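The values are calculated or read from the model by the stated rules, or taken from the named source; none is laboratory data. No experiment lies behind these values; they were computed from the predicted model shown. Every residue, glycine as well, gets a Cβ built from its backbone with ideal geometry; the counts of neighbours run over all protein chains shown.
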Amino acid sequence: MTDVRVLVDELAAPEPGRRLAARWQLHRAGCALVEDVFAAWRKDPSFDVLVAGEPIIGIAVPPDLFARIRQEMDMPPLSRVPEEQSTAEFEIHGRGPLMDILTPVDSEGPIQKFLDRFGPGIQQIELPVSDVEEALKILTGRFGLSPVYAEAREGADGTRVNFLLVDKPGGGKVLIELFEAQR
């Protein structure tokens, strides 16, 4: 598999085929990080019925690359992100997997901290659910997980979100965002 940083750069390639190939490879890489975790969660029928779609990969990039990717993707609209998140974001739709591209808007926010520590790459895996609070109740009660926030909060475009930091295969952690799918 190609290095994740190379794939992230390919999201700004001038050729649509290269961008699409990078999206698919990044999607597969992100899903591989949480495959075992999501499979265990989905064995619980109470949780499984709450899952409202496929995982979405959140890619953190510096502002210059964010602008180039957005330009090559025909300027998708920016998401409305709560100011305290210090993040700019847009979604890539169309052919291929849905993907969120994230960049910092200041030097103190979580995306900038991720970039400082890891560089451009897969920052989070987003899982749409029909009820964030109910999903968190199941994950904390039956799987012993602790959400990042005591209660769900507003996310991009008015969604309700919360986050979990879970162990990934081979060590380290992966950030999972549960977001309440729009009806």
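Annotation: M73 fulfils all but one of (1) surrounded by fewer than 18 Cβ atoms within 10 Å (Cβ to Cβ); (2) more than 17 Å from the chain's Cα centre (by Cα); the unmet one is (1). With respect to the stated conditions, E10 is modelled with pLDDT of 95 or more and of a type in the set (D, E).
Applying a threshold of 8 Å to beta carbon distances and a minimum spacing of six or more residues, or different chains, the list of pairs starting in region 90-119 at a residue that is in contact (Cβ under 8 Å) with a residue 60 or more places away in the chain and ending at one that is surrounded by fewer than 16 Cβ atoms within 10 Å (Cβ to Cβ) and not in a strand (DSSP E or B) reads I92/P76; G96/W24; P97/W24; P97/E54; G119/R5.
Taking the condition of being of a type in the set (K, R) and in contact (Cβ under 8 Å) with a residue 12 or more places away in the chain, how many residues in region 120-146 meet it?
1
Taking only region 1-55 into account, find how many residues are of a type in the set (K, R), closer than 20 Å to L127 by Cβ and in contact (Cβ under 8 Å) with a residue 60 or more places away in the chain. The qualifying residues number 1. Sub-7 Å Cβ pairs linking a first residue in region 64-85 that is farther than 19 Å from L115 by Cα to a second residue that is hydrophobic (A, V, I, L, M, F, W, C) and part of a helix (DSSP H, G or I), at least 6 apart or interchain, are S79/A156; R80/A156, ordered by first then second residue. Report whether or not D106 is at pLDDT below 95 and surrounded by fewer than 18 Cβ atoms within 10 Å (Cβ to Cβ). The answer is yes for D106. Sub-8 Å Cβ pairs linking a first residue in region 171-183 that is surrounded by fewer than 22 Cβ atoms within 10 Å (Cβ to Cβ) to a second residue that is among the aromatic types (F, W, Y), at least 6 apart or interchain, are L175/F163, ordered by first then second residue.
Let me confirm something: among D100, D48, which residue is over 16 Å from the mean Cα position of the chain (by Cα) and not hydroxyl-bearing (S, T, Y)?
On the way: D100 fails: over 16 Å from the mean Cα position of the chain (by Cα).
One residue alone meets the criteria, D48.
Scanning region 41-55 for residues that are of a type outside the set (K, R), assigned to a helix (DSSP H, G or I) and farther than 12 Å from D131 by Cα yields W41, P45.
Could you please let me know if R28 is part of a helix (DSSP H, G or I) and among the basic types (K, R)? For R28, the condition - part of a helix (DSSP H, G or I) and among the basic types (K, R) - is met. When we screen A67, A21 for residues that are over 29 Å from D106 (Cα atoms) and of a type in the set (A, V, I, L, M), the only hit is A21.
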